[in-house]
Structure formats: C-alpha cells, structure tokens
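Trainee: Structure below; questions to follow.
The values are calculated or read from the model by the stated rules, or taken from the named source; none is laboratory data. Quick caveat: nothing in here was measured; it's all calculated off a predicted structure. Methodologically, a virtual Cβ is constructed for each residue, glycine included, from the backbone with ideal geometry; neighbour enumeration extends over all protein chains shown. For the accessible areas, the whole protein counts, side chains as well, though only heavy atoms, and no ligand, DNA or RNA atoms are used. Shrake-Rupley method; radii C 1.70, N 1.55, O 1.52, S 1.80 Å.
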Amino acid sequence: MFAQLKPVATDPILGLMAAYREDPNPQKVDLGVGVYKDEQGHTAVLKSVKEAEALRLNQEDSKTYIGMAGDLGFNSHMEKLAFGAAHQVLLANRVTTAHTPGGTGALRVAAEFIKRANPNATIWVTTPTWANHISLFEAAGLKVKEYAYYDYQTKGLQVEQMFADLAQIPAGDVVLVHACCHNPSGMDLNFEQWQRFTAIAQERGFTPLVDMAYQGFGLGLEEDAAGLRYLADHVAEMILCSSCSKNFGLYRERIGAVSIVSANSQIMDIARVNLLSVVRSIYSMPPAHGAIIVSNILSSSELTALWHQELAEMRDRINSYRQLIIDKFAAEGITQDFSFIARQHGMFSFLGINKAQIERLKSEFSIYMVGSSRVSIAGLNHSNIDYFAKAVATVLKD
Ligand code: LMR
C-alpha cells in the first residue's frame, strides 16, 4: 500500500529551516521561519518563562489527565488577553475556549468545528496568506477561496477590491482575517478598516475567523487586539485562534487556544460540547506544559510585568531594524523605494524582490527568505545587516 504514495513538496517555510541548518557557510543568514532571534542570533528562553517553569516544578503535584478543554486557568487568561477582561462577550458568557497544541492546532480544531456547523462552508483567506493556511483547511476538507488583500504594486492594501470581495461572501461561509502582523506581508488593517470589515460581516452574516499568532509584536498587546475586540463587540459569532509561540517564545511547547464566540450562552453551551468532541476525536487532550507556564506568568503580577518588558524588547528590536534596513539599503546605493518596510508591522516584511533575486541571495550569499520575498526581520542583527544590505544591492543591480 505504501508503495502507492506520491512524493509531496517540502513545506515552503519549514523546508527552508532544514536547508539553512545544512548550509556550511559561516556567513549564512536565516530570514526564513518566523522565530524571534536576539542580537546574538539566539532564540533564548524568556526569563519570565524560566521562572514560571521553576514554579511548575515546585508546585505540580499530579500528572493526571487535564481534560479535553485543557487548562481552564490558561483558557480564562487567554480570553482576557485577547478580548480584554471586561469585554461584553465574556461578561455575557458567550465564549468557550479550548487550549490547543499550538496556533496550528487551534486552526485545525476550528476547521473541524466549522465542518460540524456547516459542512459546505467555504473559508476565505487573504491573498496572500500564511503558507500553511490553505493546505491546513483543505486537509480538513473545507473549500478555500481567496479575497484581495495585499497590493504588490503599491506595497499597501488593495482596500477597495478587498471590501468589494468581502461584500460578495454569503452567510454560512467563514472569512479568515489576521488580527495583527499580517503573515506574510506585514500590512495590517487600520482601525477604520476593521470597522468597515465588521459592518460587512454584520450585513452579509458570514462568520469571521481571527488568526492572532503575534499579539504584542505589532504595536502592543492592547493595540494589536483592538480590531478583533471591536469585531467581537458587533458580530453575533466569530472564532479566534491564538498562539503563544511568538509572544511567550514557547515555539516547541506547542501552545495556543481556540475560542468560539456564540450569539448567546445557550448556543455557547452547544458549541462547547461540539468543540470538545472535535478535540477528543483528534488528540483527546492537549499537552499541559506550555499552558501551565503561560498561566503561571499571567497569574502573577511580577511575572506579567517581566513578560511585558521582554515582549516590548522583542517588538522594539524588530521595529528598530525596519528603519535600519531602509537606511542600509540607501547607503549601499539602492535607489528603489523601500520606505514601505517602515509601514509594516510584526515579524515580517515583504521585500518585493523577484524569484531569481531570492534564489541568488540563497545560492550565492546563503541568505534564506521565503519564496514570496518574506523576510523574518528578527534574523537580522548588527553582525549581518551590512552583509545582507550589500547582497541585496548586488542582486538588485545585476
Ligand atoms: C512562520 O510563518 O514562519 C511561522 O508561523 C512558523 C510556521 O509554522 O510556519
């Protein structure tokens, strides 16, 4: 039977990680996967995480099963972090949350949940979107279509085309929107655009699915959630998938959450049993470690303050490199306009260079970026930024 299997292409993002690891060039630069690195090029464990892990070691008194919804304390913290502690959807008991193995696990659970609610639902994603969104939803058996989002010419949003596309989407379909730090383009909706998005969602009756993998990496923890909070204020139902990979630096612990917002608490009760039965049929229960770390941090005012500070450091370092890239490119004599880099948010920027140039950067300079020209800015530091700017200048000139 296995002889019938056909080869499949390597994942465009994770494949790059492996290629980078194997590259013997000491000057190699990893701008591929969305993982934060410090000035030394290291992905360190946050101090707040270390302390929360030590607490766990001292306090944990049982390894019994955790239950399908996972850690209930973690779930409550995640709801407050995303919606804000006093949000009406929480006060009205309209939200149910399950902790999941990573943000990807949250998306897969959401996809199976959507199929239960409407097996014919189409899920609409931005053009472009995170490389794994489409294959993940298709693997779950959902139809996937795209709506206009990024404008490759102006390096901004295709605002009017996007709203025209959204205005055609019927009730019963699901529209995926990135909460902040759009992956891969870095171009986010502003608040006025969130308001327009919300008005169309209300009018058409489709269900928004907000993917929030980078809360705190854009403008700040509160600012990055402002759009989804407004949306949740106005629509009857929505889904939120969030991840603690980036903002808590817990990548390999695989910790995220899926929250279902229903029109009222009666529907929420039915949504919850469906959500839990989806979880039971896939992995039964999530692993506890990452959730307990996050919960320990968010239950302690000192650890929360430390985490806020560490998150701000990561955000500020990335943001400082946005202007630095523009300045270094100019210093290398690059005349094309790269000022858009400063208008983008989060871990990523779309450089807008072509496939041949991306390939040359990899083969001649060992500089790795995703084939869409997405660069993970956190991979840059003072030791490699000049090398990077010179290499880009070389491939742009030739
Ligand atoms: C990315 O987009 O680089 C990250 O979300 C990592 C991943 O799993 O693709």
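Trainee: Please state which of the following conditions residue 115 fails to meet, knowing it meets all the rest: (1) in a loop (DSSP other than H, G, I, E, B); (2) in contact (Cβ under 8 Å) with a residue 24 or more places away in the chain; (3) more than 16 Å from the ligand (Cβ to nearest atom).
Mentor: Residue 115 satisfies every listed condition except (1).
Residue-by-condition table, conditions (1) within 16 Å of the ligand (Cβ to nearest atom); (2) of a type in the set (Phe, Trp, Tyr); (3) touching a Phe, Trp or Tyr at 6+ places or on another chain (Cβ under 7 Å):
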site	(1), (2), (3)
136	yes, no, no
195	no, no, yes
200	no, no, yes
214	yes, yes, no
233	no, no, no
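Trainee: For the stretch 346-398, how many residues are within 14 Å of the ligand (Cβ to nearest atom) and surrounded by 21 or more Cβ atoms within 10 Å (Cβ to Cβ)?
Mentor: 14
Trainee: List pairs: first in the stretch 54-66 and in contact (Cβ under 8 Å) with a residue 24 or more places away in the chain, second assigned to a helix (DSSP H, G or I) and open to solvent by less than 60 Å² (accessible area, probe 1.4 Å), Cβ under 7 Å, 6+ apart or cross-chain?
Mentor: Between residues of the stretch 54-66 that are in contact (Cβ under 8 Å) with a residue 24 or more places away in the chain and residues that are assigned to a helix (DSSP H, G or I) and open to solvent by less than 60 Å² (accessible area, probe 1.4 Å), the close pairs are 55/296; 56/292; 56/293; 56/296.
Trainee: Checking the conditions here, which among 219, 176, 189 is closer than 26 Å to residue 369 by Cα, under 17 Å from the mean Cα position of the chain (by Cα) and open to solvent by 70 Å² or more (accessible area, probe 1.4 Å)?
Mentor: Step by step, each of 219, 176, 189 is checked, and only 219 is closer than 26 Å to residue 369 by Cα, under 17 Å from the mean Cα position of the chain (by Cα) and open to solvent by 70 Å² or more (accessible area, probe 1.4 Å).
Trainee: Could you tell me which of the residues 160, 192, 203, 138 is within 21 Å of residue 109 (Cα to Cα) and among the acidic types (Asp, Glu)?
Mentor: Exactly one residue qualifies, and that residue is 138.
Trainee: Kindly state which helices (runs of 4 or more DSSP H) lie completely within the stretch 1-92 and contain at least 1 residues that are away from the ligand (no atom under 16 Å from the Cβ) and among the aliphatic types (A, V, I, L, M).
Mentor: Details: elements: 14-22, 47-59, 72-83, 88-91.
In the stretch 1-92, the matching helices (runs of 4 or more DSSP H) lie at 47-59, 72-83, 88-91.
Trainee: A follow-up question, please. Return yes when residue 220 is assigned to a loop (DSSP other than H, G, I, E, B), within 15 Å of the ligand (Cβ to nearest atom), of a type outside the set (S, T, N, Q) and more than 17 Å from residue 110 (Cβ to Cβ) and no when it is not.
Mentor: No: the conditions fail for residue 220.
Trainee: Does residue 165 count as free of Cβ contacts under 8 Å to residues at least 12 places away in the same chain and in the same structural domain as residue 227 (by TED's automatic domain parsing)?
Mentor: No; evaluated as a whole, the condition is false for this residue.
Trainee: Being open to solvent by 30 Å² or more (accessible area, probe 1.4 Å) and under 25 Å from residue 287 (Cβ atoms): is that true of residue 112 here? Step through it out loud before you land on a result.
Mentor: Values: open to solvent by 30 Å² or more (accessible area, probe 1.4 Å): yes; under 25 Å from residue 287 (Cβ atoms): yes.
Criteria met by residue 112.
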